Amino acid sequence: MIQSLTSIFSKITKSKTYLRPPGAVPEDEFISRCIKCSKCAQVCSYNSIKILHLNAGKDFGTPVIEAKDIPCYLCMECPRICPSGALDNALVDKEKVRMGLAVIDESKCLPFLGVICRSCYDECPIHRVAIVLEDELLPRIDAETCTGCGICESVCPAEEIAITIKPLSQLADKRK
Amino acid sequence: MALTRREFLKNSAASAAAAAIGVSLFANQSVFASETVWHKSVCRYCGVGCGVMLGVEGGKPVAVKGDTKNTINKGLLCVKGFYLHKVITGKDRLLKPLIRKNDKLVEASWDEAMELVAAKFKESIEANGPDSVAFYGSGQAETEETYVANKLFKGHIGTNNMEGNPRLCMASAVGGYLTTFGADEPVGSYDDLDHAEMFFLIGSNTAESHPVLYDRLVARKKANPSTKIVAIDPRKTPTNKIIDLHLQVKPGYDLAVMHAIAKVLIEEGYTDEKFISDSVNFSNGKEPITYEEYKTFLKKFTPEYASEQAGIPAEDIVKAAKLFGQTSRVVSMWTMGVNQRIAGVWLNNLIHNLHLLTGKLGKPGSDSLSLTGQPNACGGVREGGGLCHLLPAHRKVAKEAHRQQIADIWNVPVTNIQPKPGKHTMAMFDAISKGEIKNLYVMCTNPAHSLPNLNKYLQGMKDCFMVVAESFHPTETSKIADVVLPAAFWGEKEGVYGCTERRSQYMPKALKPQGEARWDADILIDLAKRLGHGKNFEHFKSAEDIWNEYLKCTKGKDMDLTGAPYSRLKEVRGLRWPVPSVDHPGTTHRFVEGDPLFPKDKAEGRRMYFYGKPDGKAVIFARPDKGPAEPVDAEYPIAMMTGRVLEHFHTSTMTGQVPQLVRAVPKPYVEVHPDDAKKIGLTDRGMAKVITRRGELELMVKLSDRPLPGNVFLPWHWPEKLSNLLTNDVFDPGSKEPEYKVCACKVEKA
Amino acid sequence: MKNKRSFYLTLNRLRVLSQITTILFLIAVPLLNIVGVHWILGTLYSISFGKLDIADPAIVAQTILLTWNLYIPLLIAALIPILIAFICGRVFCSWICPHNTISEWITAFQKRFMTKRWRQYQKKSKNVGIRVYFGILATLLLVTALFKTPLVSYLSPPGVISSQISQLIRGSGIGLELAIVLLIFIAEFFLFQRYWCKLLCPVGAMLGAFHWKGKLRVQFQAAECKCGKRPSPCQMACPLQLEPKKKNLYPACFNCGLCAKACENTGHKAIQLTF
Ligand code: SF4
Ligand code: SF4
Ligand code: SF4
Ligand code: SF4
Ligand code: SF4
């Protein structure tokens, strides 16, 4: 009874899956752990992290990254200062970050339309590894190494952004 | 519901088209509405000269796609070209003439603006003579536009102060071609790219500056995996992705390397002695020397010496030389890293040297190919004669006969054309600063952004009476102009562009100009009439009329375009001169059999006859090596390099109109090596101050291993942070092209 | 001692100074962060000075309930507030909490401009029973645990206010959560009763829980009391409208010492804030 109430409640209050800062534990646990202190947002020099307002419902107070506006530049400042363990304090290597996964919509991506574009490839911090170019033209994501930082999403010049980040919470194989 | 990382990617790739290079591009044509009318045209941006199709719907530009029938790009475009239609309707399009009143630019009628311009020019010419006015044009203007300007200024106003921005980009290449081969522009063509077995890239970030050509290299390498690519570049660029050997030289110290390669070629016996004796002379730049003397000259340039100069391993130099020698077909390509240098012409010579020594020239797959930065630097300005010492169709003002020929076509007395070259670009802006030139007409370019060491020249531009004909406002130049005339943009006017490979291509008028914008040639004809020279311009009723008169100039010249009237150009994807007649297919290789100008009789069995030289022999130059004009020192210990990125073009007046391109590379930055950053205390995306003897800039830092430690790199696109406040305005004494590419700076934490 | 007589006056001055400093501090932190100073971070949910983390015990309790797990660094972070509460009671509320500060300002405004009505209400002082007080806290925590909803986070006015300040300064604007705090202010404005801090606030209640039998307290010595009038000055002075002279003052009292100051003002020493 309580269980079903809980699930109804969370259905009402939760509508979106968010991209969380690097080192975030799986979404459910993250929501419970994060004490909404804003420290991660404050420590981020790039203003990548925004704190959700109550307007966003249940997730109020938790940090999110809107990669298309300001992605995470993987400076690795925020995980270590999180007081609650919502972000893994031990995470220091940017290569190990797994916030999500970049996914390319090939119906929008310019090289698939015969237009040379390498913006995502050039800016990817896991340079030449997380995105590789097939025939030096078509971008392909490497699922094992992509950090989900969203830098690619922030620069993509396709008419409609062709590369977007699926947040960790949408992936079955969570963090490794 | 949730998928694993791998599954996610697989799912999304299910739609993948087999879009290998040049295949099934735009498979999904249905994205375009069926009412879209497509006009065959040429890309407005770089010197590659990609064929594009401009899609128009209801009188509005709606899309641009690659022209699959164009052999240059086979349907491929780079991201800049793809968004060209958005530039046409860009937010900064200037729609009405502006004139300066009480130190403010205010809208005016065309008549008012043109009357003012004409009155000012008349006044100055009458009071101070014709050399008190000047014209500064562009490698992005159409050939027709440059031709009209040339005719007006050199032939009617009577001043040779008629320059164009190719002085800042291609002048050294011109100097190289003229001194070595006796004739400007490449010997071969892009066709060689599909046959080459080695590419030698010098000072060229092909992947970003000539992206479609880069893709042709990729395609070549894919088709023929043994193809080798060797690069000489002070910076690791995106081009590095496909190169096999990178000689990462210290900025400005590559001349010795070229000599060392030549020396190895000779010593290892890779030379083509028959070709040398048939078709090559030697010179030290002042007088002819012998082959033996040349060899003696090279003694000093051991790989070890060059390695010390350039800071690269001697073995790599030997390796590069051997590859060059062993591979039967080599294409060398270079751009601004070679041209924008104090020894630009010399370095051009030294590249040609390698091809002349080995005879790797004038045959499929071998060429010494200078890549052009602008879409019509070759066509309009080099061929059209838009520089202070030139007349149309590779003629020189200094030559009496040339003046006579052109005066006849222009219907003016030969005395109208001064025999003395006018002021080259840097001298011209210097004279403007000194007040010697009082009126300046700027067409289709942005010198207040693009001149080096801007602090020195800006005041002069502000003080003189400056007219700017431009499609966009504000630009750095239009902001300080006295009159700004709204010019029709690409797609709103017809004309011809001539790209890197001597190919002239036709562009249609597919749209009405925005606002009150007018075609540049039309504005110039209007000015000619108001200055009282109307009668020789009246017959120009269309672009075709101008082109036809220009074709008369080219008849019988090395760049004969007689066979390329509009009627033919409209059908074909450009023609490569010489095309002496309408049934001639154009020329892929000059100076060899098959070139309509090849003099079989004189050649007497020689494979190549360089008919630009009296004896048909090209010249190998023994040029001294020379470092940058401003080497690093204790006070300014870091070498500053400048360049471009893929997503923006030059002063970003055009690419800045496209939100998507701005998004990709939104703001100015300086690339710093992490080692240097650590020493200076810089962080990624933090701020740094870059200081040279001429100015300083605060810029965002991008940590990158692209430059070597001790070097930094600045893209020059953004008006808010003008890298040209820092650059050095010393220029090559031969080509008068400034050394943008390297100067000394210091970098501090900001 | 010469100024013994003005001891509570001085203490209160310090208290007000602390309140104002807190607000300035909450504005300064995000500003410092923006200019690159990162050794000081946080809001009143949790704040850190260098490596030293301090966290609100109420939030920590909530986290334990939500995660059903003890995260040691977070427990450690709650130690300092717990220790202070253990010794001094809810001084966080009276010395630091911006919600109380603003409430006090509102009260001052009412005292000054709404004199008549205010006096009527002021007489209605009443203490709160322990069972009611902690009953409410327990209910809140129970709901939190059952519905897996971080209720304490929403209902922590100091947290909400401080994080709003930070968000606003960082350019993310204000959100609906501010409405919670505003609603409290508005309701209390018309009720003229500080029910929130006195009864409902989980942050204060949690701190009060650690005080309970603790040290610093308001002590009333009936023998010293010379004020016959009702309501007495000490009662009128209490910002929470408690009756300081009654035994069941705690856990609602947050040790601001204003009653002692009022008493001191009359020249007596019937009410003392002592260990
Ligand atoms: S630092 Fe940790 S606890 Fe604080 S808001 Fe960020 S994720 Fe939540
Ligand atoms: S890792 Fe750095 S850039 Fe990324 S969110 Fe954290 S603080 Fe911001
Ligand atoms: S692919 Fe995109 S999200 Fe993944 S690491 Fe690279 S830039 Fe970041
Ligand atoms: S930046 Fe966008 S359009 Fe360009 S290659 Fe990457 S995903 Fe495709
Ligand atoms: S490569 Fe050059 S010509 Fe081709 S589309 Fe790009 S900018 Fe235009």
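Does C:Leu240 satisfy being in a helix (DSSP H, G or I) and modelled with pLDDT of 80 or more? Considered against the rule, which asks whether it is in a helix (DSSP H, G or I) and modelled with pLDDT of 80 or more, C:Leu240 comes out as no. Can you find even one residue in the stretch B:198-221 that is among the charged types (D, E, K, R), at pLDDT 95 or above and outside any helix (DSSP H, G or I)? So far as the stretch B:198-221 goes, no, none of its residues is among the charged types (D, E, K, R), at pLDDT 95 or above and outside any helix (DSSP H, G or I). Based on this model, can you work out whether A:Leu113 counts as within 16 Å of ligand 1 (Cβ to nearest atom), of a type outside the set (Gly, Ala, Ser), closer than 26 Å to B:Glu7 by Cβ and open to solvent by 10 Å² or more (accessible area, probe 1.4 Å)? When the stated conditions are applied, A:Leu113 does not pass them.
Selection of the stretch A:141-155 for residues being more than 7 Å from chain B (Cβ to nearest Cβ) and either part of a loop (DSSP other than H, G, I, E, B) or modelled with pLDDT under 95 (or both) yields A:Asp142, A:Glu144, A:Thr145, A:Cys146, A:Thr147, A:Gly148, A:Cys149, A:Gly150. Looking for something open to solvent by less than 40 Å² (accessible area, probe 1.4 Å), touching a Lys or Arg at 6+ places or on another chain (Cβ under 8 Å) and within 30 Å of A:Val64 (Cβ to Cβ) - is there at least one such residue anywhere in the stretch C:140-151? Yes: one or more hits. For the stretch A:53-83, the candidate set comprises residues that are within 8 Å of chain C (Cβ to nearest Cβ) and assigned to a loop (DSSP other than H, G, I, E, B); within that set, the residue that is farthest from ligand 1 (Cβ to nearest atom) is A:His53. Search the stretch A:89-110 for residues being free of Cβ contacts under 8 Å to residues at least 60 places away in the same chain, facing chain B (nearest Cβ under 9 Å) and of a type in the set (D, E, K, R), and hand back the single one that is surrounded by the most Cβ atoms within 10 Å (Cβ to Cβ). If we take residues in the stretch A:89-110 being free of Cβ contacts under 8 Å to residues at least 60 places away in the same chain, facing chain B (nearest Cβ under 9 Å) and of a type in the set (D, E, K, R), then A:Glu106 is surrounded by the most Cβ atoms within 10 Å (Cβ to Cβ). With respect to the conditions (1) free of Cβ contacts under 8 Å to residues at least 24 places away in the same chain; (2) aliphatic (A, V, I, L, M); (3) within 28 Å of B:Gln374 (Cα to Cα), B:Val414 falls short on a single one, namely (3). Take the conditions without any contact (Cβ under 8 Å) to a residue 12 or more places away in the chain and closer than 23 Å to B:Asp732 by Cβ and apply them to B:Leu390. Does it pass? Answer is yes for this residue. Of all residues in the stretch B:48-69, those satisfying the criterion of being open to solvent by less than 30 Å² (accessible area, probe 1.4 Å) and either within 10 Å of ligand 5 (Cβ to nearest atom) or out of contact with any strand residue (DSSP E or B) (no Cβ under 8 Å at 6 or more places or on another chain) (or both) are B:Val48, B:Gly49, B:Cys50, B:Gly51, B:Val52, B:Val64, B:Gly66.
Considering only residues in the stretch A:116-131 that are assigned to a loop (DSSP other than H, G, I, E, B) and within 8 Å of ligand 4 (Cβ to nearest atom), the one that is surrounded by the fewest Cβ atoms within 10 Å (Cβ to Cβ) turns out to be A:Arg118. Just to verify a result, which residue in the stretch A:33-44, among those that are at the interface with another protein chain (Cβ under 7 Å from one of its Cβ atoms) and part of a loop (DSSP other than H, G, I, E, B), is nearest to C:Leu70 (Cα to Cα)? That would be A:Ile35. You will find that of C:Ile76, C:Ile64, C:Ile87, the residue that is open to solvent by 40 Å² or more (accessible area, probe 1.4 Å) and away from chain A (no Cβ under 14 Å) is C:Ile87 and no other. Number of residues in the stretch B:271-303 that are without any contact (Cβ under 8 Å) to a residue 24 or more places away in the chain and in contact with a His (Cβ under 7 Å, 6 or more places away or on another chain) equals 0. Checking each residue in the stretch A:42-55 for being crowded, with 21+ Cβ neighbours inside 10 Å and either in contact (Cβ under 8 Å) with a residue 24 or more places away in the chain or within 16 Å of ligand 5 (Cβ to nearest atom) (or both) picks out A:Val43, A:Cys44, A:Ser48, A:Ile49, A:Leu52. In the stretch B:421-470, the qualifying residues are those that are small (Gly, Ala, Ser), part of a helix (DSSP H, G or I) and closer than 20 Å to B:Gly158 by Cα, and the one that is most open to solvent (accessible area, probe 1.4 Å) is B:Ala427. Given (1) open to solvent by 40 Å² or more (accessible area, probe 1.4 Å); (2) over 30 Å from B:Leu451 (Cα atoms); (3) touching a residue at least 60 places away in the same chain (Cβ under 8 Å), where does B:Gln309 come up short, assuming only one miss? Looking at each condition in turn, B:Gln309 falls short on (2). Selection of strands (runs of 3 or more DSSP E) fully inside the stretch B:472-535 by the criterion of at least 1 residues being touching a Cys at 6+ places or on another chain (Cβ under 6 Å) returns B:495-498. There is at least one residue in the stretch B:192-207 that is among the β-branched types (Val, Ile, Thr) and in contact with a strand residue (DSSP E or B) (Cβ under 6 Å, 6 or more places away or on another chain). Number of residues in the stretch C:41-51 that are within 8 Å of another protein chain (Cβ to nearest Cβ) and in contact with a strand residue (DSSP E or B) (Cβ under 6 Å, 6 or more places away or on another chain) equals 5. Every condition in (1) more than 15 Å from the chain's Cα centre (by Cα); (2) within 16 Å of ligand 4 (Cβ to nearest atom) holds for A:His53 except the one numbered (2).
Scanning the stretch B:243-264 for residues that are surrounded by fewer than 21 Cβ atoms within 10 Å (Cβ to Cβ) and either outside any loop (DSSP other than H, G, I, E, B) or not assigned by TED's automatic domain parsing to the domain that holds B:Glu293 (or both) turns up B:Leu245, B:His246. Among the candidates B:Pro97, B:Pro130, the residue that is touching a Ser or Thr at 6+ places or on another chain (Cβ under 6 Å) and open to solvent by less than 60 Å² (accessible area, probe 1.4 Å) is uniquely B:Pro130. With the structure loaded, tell me whether C:Ile54 is in contact (Cβ under 8 Å) with a residue 40 or more places away in the chain and either out of contact with any Leu (no Cβ under 6 Å at 6 or more places or on another chain) or facing chain A (nearest Cβ under 8 Å) (or both) or whether it fails that test. It is false that C:Ile54 is in contact (Cβ under 8 Å) with a residue 40 or more places away in the chain and either out of contact with any Leu (no Cβ under 6 Å at 6 or more places or on another chain) or facing chain A (nearest Cβ under 8 Å) (or both). Scanning the stretch B:600-657 for residues that are at pLDDT below 95, crowded, with 18+ Cβ neighbours inside 10 Å and outside any loop (DSSP other than H, G, I, E, B) yields a single hit, B:Ala603. When the stretch A:20-41 is limited to residues that are under 25 Å from A:Ile104 (Cβ atoms) and away from ligand 3 (no atom under 16 Å from the Cβ), the one that is surrounded by the most Cβ atoms within 10 Å (Cβ to Cβ) turns out to be A:Glu27. The requirement of being over 21 Å from C:Asn12 (Cα atoms), of a type outside the set (Gly, Ala, Ser) and within 14 Å of the chain's Cα centre (by Cα) is not satisfied by C:Cys227.
The values are calculated or read from the model by the stated rules, or taken from the named source; none is laboratory data. Just so you know, these numbers come straight off a predicted model, no measurement behind them. Cβ: placed from backbone, ideal geometry, glycine included. Neighbour counts: every protein chain shown. Keep in mind that these areas ignore ligands, DNA and RNA; they rest on the heavy atoms of the full protein, side chains included. Shrake-Rupley method; radii C 1.70, N 1.55, O 1.52, S 1.80 Å.
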